[in-house]
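This report refers to the structure that appears directly beneath it.
No value in this document is a laboratory result; all are computed from the given coordinates. Note that the coordinates shown come from a computational prediction; the quantities given were computed from them, not determined experimentally. Positions of Cβ are generated from backbone atoms using ideal geometry, with glycine treated the same way; all protein chains shown enter the neighbour counts.
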There are 4 protein chains.
Amino acid sequence: MDDLTALVRAFAEERDWQQFHTPKNLAMALAGEVGELVAEFQWLTPEQAATVMDDPEAGARVRAEIGDVMIYLTRLADVLGIDLTEAAVAKLAEVSVRYPAGEVRGSAAKR
Amino acid sequence: MDDLTALVRAFAEERDWQQFHTPKNLAMALAGEVGELVAEFQWLTPEQAATVMDDPEAGARVRAEIGDVMIYLTRLADVLGIDLTEAAVAKLAEVSVRYPAGEVRGSAAKR
Amino acid sequence: MDDLTALVRAFAEERDWQQFHTPKNLAMALAGEVGELVAEFQWLTPEQAATVMDDPEAGARVRAEIGDVMIYLTRLADVLGIDLTEAAVAKLAEVSVRYPAGEVRGSAAKR
Amino acid sequence: MDDLTALVRAFAEERDWQQFHTPKNLAMALAGEVGELVAEFQWLTPEQAATVMDDPEAGARVRAEIGDVMIYLTRLADVLGIDLTEAAVAKLAEVSVRYPAGEVRGSAAKR
């Protein structure tokens, strides 16, 4: 993770793109990339979506879109001074309490 | 990263949520969480957005939303058998070639 | 449509919210609301999603989210000076040419 | 609005695309199109975004993306049996009560 953060930061700085990489702009870029990722799945049946990585072309597109999403998420977290893994672990701890395994097993109901 | 993937996977399995965690559903959940993250920035001026982490309440909300996005992205990549860091590095290599630092410095124009 | 545009505009002006309703901010707000709409469907099976309006509570939430999306889309179009219906009809004409009914029947393949 | 709904429905039926136009899939398609719309604004300054329609090329792209979003929103509402304008007006009435003009003037704070 630290390596990826450093890589993405260097990529931006070498291009003098820090001026564009404001939190607002990066949040928008992230939404744009997630839109492209969702679009890869939109017309697939659940069964087709489950095996999308078996298709070389569609699989490569999905992998590339996941990469794009991760790049912008990493960059946004860096610009905000947030540790991505720590933020995820902290949130996971919080939802683990809100959704105790013994009470919510097999249910997707929101709490 | 591997630890986070394992943590999120265990969280899902303990709740018997694998049935909900299909690629289509996880892509939708990711879009939903990114929507919440974007909403944190929507009415802020660029200046307010740049210092959002200085505000304890807004900063905590942004950190939690970033955590949510990372959780679903990690889970989606796991379900698809994609290494998140590798996918990001591969994509970064690709855009580095398409946007050579010497040619695009200071420009946000799309190629 | 013209009536809705006028209603939404009056709603914003009465609250002196024109200052927040810039194209960038409204595009973000739209993304946020679409995220909430998508979230209503994320854990539903295709079958459950197809009958979501039969459930009074879920149906009311979906209707409210659709209303939110339409409000921000109407406002964004108004601020940009775009006629929403005309833009949709023009785009539909364009895709009708790109996807001739006789050639693409029953196929979701992208062109 | 009724005309647009009928146009979009005919477009789908002529191509035998009803099978793809489930609520889940259409919500995903809507998210994808909103992502493309957001991407048009992501690197623009607020000032550039405010005059985007003065640029023939960018303006045409924004208009086309707005058209796409409207097409999928219209189709989703049709499939769900929701009147788009009524849903927007009903939601506007609700937020008008929650955000009384006299109390929230000039403030973007959430209630």
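Between the alpha-carbon centres of region B:93-111 and region A:71-111 there is a gap of 33 Å.
Rounded to the nearest 20 debye, the dipole size of region C:2-104 about its Cα centre is 340 debye, using +1 on the Cβ of Lys and Arg and -1 on the Cβ of Asp and Glu. Cross-linked pairs A:LYS91/B:LYS110; B:LYS110/D:LYS110; C:LYS24/D:LYS110; B:LYS24/D:LYS110: Cα-Cα separations exceed 28 Å for A:LYS91/B:LYS110; B:LYS110/D:LYS110; B:LYS24/D:LYS110. Within the listed set D:LEU44, D:LEU73, D:LEU30, the Gaussian network model of chain D (springs between alpha-carbon atoms below 10 Å) gives the highest mean-square fluctuation for D:LEU44. With N as its number of residues, region A:68-110 has a Cα radius of gyration that, divided by 2.2 N^0.38 Å, comes to 1.55. Short-range pairs are left out: with C-alpha atoms under 8 Å and at least six residues apart, the relative contact order of region C:2-104 is 37 percent. Largest mean-square fluctuation among C:ALA12, C:ALA29, C:ALA90, in a Gaussian network model of chain C whose springs join Cα atoms under 10 Å apart, belongs to C:ALA90. I need the shape label for the protein assembly as shown. Rule: rounded when a/c is under 1.5, else prolate if a/b > b/c, else oblate, with a, b, c from the alpha carbon gyration tensor. Taking the square roots of the gyration eigenvalues as a ≥ b ≥ c, the protein assembly as shown is rounded. Inter-copy label distances for C:ALA109: 3.5, 4.6, 5.7 nm (label point placed 7 Å from Cα along Cα→Cβ; shortest first).
Summing Cβ point charges (Lys, Arg +1; Asp, Glu -1) relative to the Cα centre of region B:54-111 gives a dipole of roughly 380 debye. Measuring from the axis that maps chain A onto chain B, the chain A residue with the nearest beta carbon and its rounded distance in angstrom come out as A:VAL34, 2.
Label-to-label distance for D:ASP55 and B:ARG98 is 1.8 nm, based on points extended 7 Å past Cα in the beta-carbon direction. For the protein assembly as shown, the 222 nm mean residue ellipticity estimated from helices alone, with every DSSP H stretch of n ≥ 4 adding -39500 (n - 2.57) and the total spread over all residues, rounds to -23500 deg cm²/dmol. Zone of D:ALA109 (label point 7 Å along Cα→Cβ, backbone N under 17 Å): which residues in region B:46-79? Residues B:55-59 qualify, since their backbone N sits under 17 Å from the label point. Taking the Cα centre of the protein assembly as shown as origin and assigning +1 to Lys and Arg Cβ atoms and -1 to Asp and Glu Cβ atoms, the resulting dipole is close to 0 debye.
All Cα-Cα distances of region C:2-104, cut into 10 Å bins from zero to the largest, leave 13, 32, 31, 22, 2, 0 percent in each bin in turn. Which residue, C:THR74, C:THR85, C:THR45, has the most motion in a Gaussian network model of chain C that connects Cα atoms within less than 10 Å? Fluctuation is largest for C:THR45.
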